[in-house]
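Single-structure report; data block below.
The values are calculated or read from the model by the stated rules, or taken from the named source; none is laboratory data. Values in this document were obtained by computation on a predicted structure and should not be read as measured data. Glycine also receives a Cβ, built like all others from the backbone with ideal geometry; neighbour counts cover every protein chain displayed.
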Amino acid sequence: MEGRDVTQTSSRPPRLRKTVVLVGMMGSGKTAVGTALARMLGVPFLDSDEEIVRAAQMSVAEIFARDGEPFFRARETEVLERLLSGPPAVVSTGGGAFMSAQNREMIARLGVSVWLQADLELLWNRVRHKNTRPLLRTADPKRTLTDLLAQRAPVYALAQIAVPAEPGLSIEAMAQKVVGALRARPGLFEEA
């Protein structure tokens, strides 16, 4: 009987107390895993880049081209603050969002940061055929990705939780790994 009660309880999503903010490199799965994670937790999924795109009515690449990266980063901070001030959700951030000390502090204060940790080959396999990544529009995009990963990984390591990705792991399985890591952290869920 106890097994049944546990199964029944686990079929209802636990009530999240804080917004979960997914950080990591482009191609780490923040959008795909975030969507599955939000569904599992019964909260909205929000994408900070999509919120910026909607407000600006132009793509991230167009914003970078027209207004530059500093302008984009300022809008990103404004959007993150708005999303973190709302009800609990799962928020996917752009790859550079966590580089800002201001954003890291705000996320730690108002939510919980989760680094979707993926190695270079996994990231490259996921992004190499996409032309929607403005930072990879270079003569040697794999070298650019390598350099970005080397620069950003130490900062991503400051996230409150790190969940390593694995080649061949499904989106659902990765989302389950994130749920497990979140459940291991006290105070993120309301007790039933």
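Okay, here's what the table says:
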quantity: Residue list for segment 172-192, filter: in a helix (DSSP H, G or I) and in contact with a strand residue (DSSP E or B) (Cβ under 8 Å, 6 or more places away or on another chain); calculated: 174, 177, 178, 181, 182, 183
quantity: Filter result (at pLDDT 90 or above and out of contact with any Ser or Thr (no Cβ under 8 Å at 6 or more places or on another chain)) within segment 47-57; calculated: 50, 51, 52, 54, 57
quantity: Which listed residue is surrounded by fewer than 19 Cβ atoms within 10 Å (Cβ to Cβ), hydrophobic (A, V, I, L, M, F, W, C), over 20 Å from residue 17 (Cβ atoms) and modelled with pLDDT of 95 or more, from 108, 101; calculated: 101
quantity: First in segment 168-192 and free of Cβ contacts under 8 Å to residues at least 24 places away in the same chain, second anywhere and surrounded by 16 or more Cβ atoms within 10 Å (Cβ to Cβ) and among the β-branched types (Val, Ile, Thr), Cβ under 7 Å, 6 or more apart; calculated: 177/163
quantity: Every residue from segment 83-98 that is surrounded by 17 or more Cβ atoms within 10 Å (Cβ to Cβ) and more than 14 Å from the chain's Cα centre (by Cα); calculated: 88
quantity: Test: residue in segment 77-93 that is touching a Gly at 6+ places or on another chain (Cβ under 8 Å) and at pLDDT below 95; calculated: no
quantity: Options 158, 136; residue that is over 13 Å from the mean Cα position of the chain (by Cα), surrounded by 12 or more Cβ atoms within 10 Å (Cβ to Cβ) and under 16 Å from residue 27 (Cα atoms); calculated: 136
quantity: Residue match in segment 96-119 (condition: in a helix (DSSP H, G or I), closer than 18 Å to residue 175 by Cβ, of a type outside the set (Ser, Thr, Tyr) and touching a residue at least 24 places away in the same chain (Cβ under 8 Å)); calculated: no
quantity: Segment 151-171, residues that are within 26 Å of residue 187 (Cβ to Cβ), modelled with pLDDT of 95 or more and either in a helix (DSSP H, G or I) or of a type in the set (Gly, Ala, Ser) (or both); calculated: 155, 156, 157, 159, 162
quantity: Hey, residue 80 within 15 Å of the chain's Cα centre (by Cα) and either within 19 Å of residue 22 (Cβ to Cβ) or among the basic types (Lys, Arg) (or both) or not; calculated: yes
quantity: Selection from segment 24-69 of residues that are among the polar types (S, T, N, Q), assigned to a helix (DSSP H, G or I) and surrounded by 22 or more Cβ atoms within 10 Å (Cβ to Cβ); calculated: 48
